[in-house]
Amino acid sequence: MTQILKYVLYDLLRDKFALAYTLFLWLLTFALFQLDADAGKVVLSLMNVVLLVVPLVSIVFPVIHYFNSYEFMELMLVQPVHRGIVFFGQYLGVATSLVTAFLVGVGIPVMLFGAGMAGVSLLVSGSLLTLAFVSLAFLAAVYTPDKARAIGMALLFWIYFTLVYDGALLWVVYTFSDYPLEKITLVLIALNPIDLARIILLLQLDVSALMGYTGAFYQQFFGSALGLSVSAGVLVIWILIPLYFALRFFLMKDV
């Protein structure tokens with residue numbers, strides 16, 4: 001698997017997409033810190049960018065790379081190499097390049113300008129989101145043999161988690177506002193990795209009042225070390241479950 005991983009990383013470096021992605025994040029983060037000396041406000045601005053751009057890149061680019069490297073995978077699969085090794089070599093190569101690009105592009109300016117624990121939470125949440133959406137991307141790519149349909153499915157995932165789910169959640173909260181929804185809303189937010197990362201970052205920035213009447217409840221739960229550990233654990237589950245089903249489809253697929 002090491003040789004496959006090295007080839008995938010080398011192929012991604014030749015593509016130069018990871019370098020362009022890193023440069024974009026670095027310039028954006030550095031510019032925001034130059035515009036405002038308050039690190040908390042900068043992290044809050046970065047949060048809005050990270051929760052939109054990072055999932056989009058992390059779910060579309062892996063699908064494109066998967067189909068572009070299809071011939072290489074076919075060559076590997078006719079060799080005495082287990083399918084799981086080929087799959088994880090591809091996944092780890094793409095995931096490593098995107099997480100590294102995010103940590104370098106956002107992490108270096110955040111650490112240089114001293115954003116504190118809020119900056120660390122941004123980096124951890126962004127990295128976990130990257131891995132989660134790469135897993136969803138591989139699920140979409142492996143599930144359908146057509147590149148255009150796979151990209152369409154990946155975009156539907158992104159639209160659902162960034163726009164549709166939030167709208168549905170707001171409708172539920174508004175419609176049943178006369179009932180105690182704190183615990184139910186907590187469970188519903190755990191079903192969306194983007195919302196979960198947003199809640200964690202808002203609490204680290206001590207702006208839970210922006211979350212409405214449920215802010216006190218989230219502060220009580222997520223503000224504790226146990227709550228943050230559970231939140232990170234849920235994001236890890238969002239990485240593992242799509243990856244598990246993508247691996248199962250890949251093992252059964254006639255490539």
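Any read-out appearing in this document is the output of simple, stated calculations on the displayed coordinates, not a laboratory observation. Keep in mind that what you see is a predicted model, and the values were worked out from it rather than measured. Using ideal geometry, Cβ is built from the backbone for each residue, glycine included, and neighbour counts are taken over all protein chains shown.
Worth pointing out:
- Once both labels are positioned 7 Å from their Cα atoms along Cα-to-Cβ, the gap between TYR244 and VAL164 label points is 2.4 nm.
- In sequence order, calculated HN-Hα J values of segment 40-53 (Karplus, 6.51, -1.76, 1.60; Hz; x Gly/Pro): x, 5, 5, 4, 5, 5, 5, 4, 4, 6, 4, 6, 10, 6
- FRET E, pair SER45, ARG83, Förster distance 41 Å, beta-carbon r, rounded to 0.05: 0.40
- Here the gap between MET252 and LEU19, fully extended at 0.36 nm per residue and compared with their Cα-Cα distance, gives a gain of 80.5 nm.
- Size of charge dipole - segment 61-199 - debye, nearest 20, with Cβ of Lys, Arg +1 and Asp, Glu -1, no other charges: 160 debye
- Residue by residue, segment 187-194 carries 3J(HN,Hα) couplings of 5, 5, 5, 5, 7, 10, x, 5 Hz when phi is fed to the Karplus relation 6.51 cos²θ - 1.76 cosθ + 1.60 (θ = phi - 60°); x denotes Gly or Pro.
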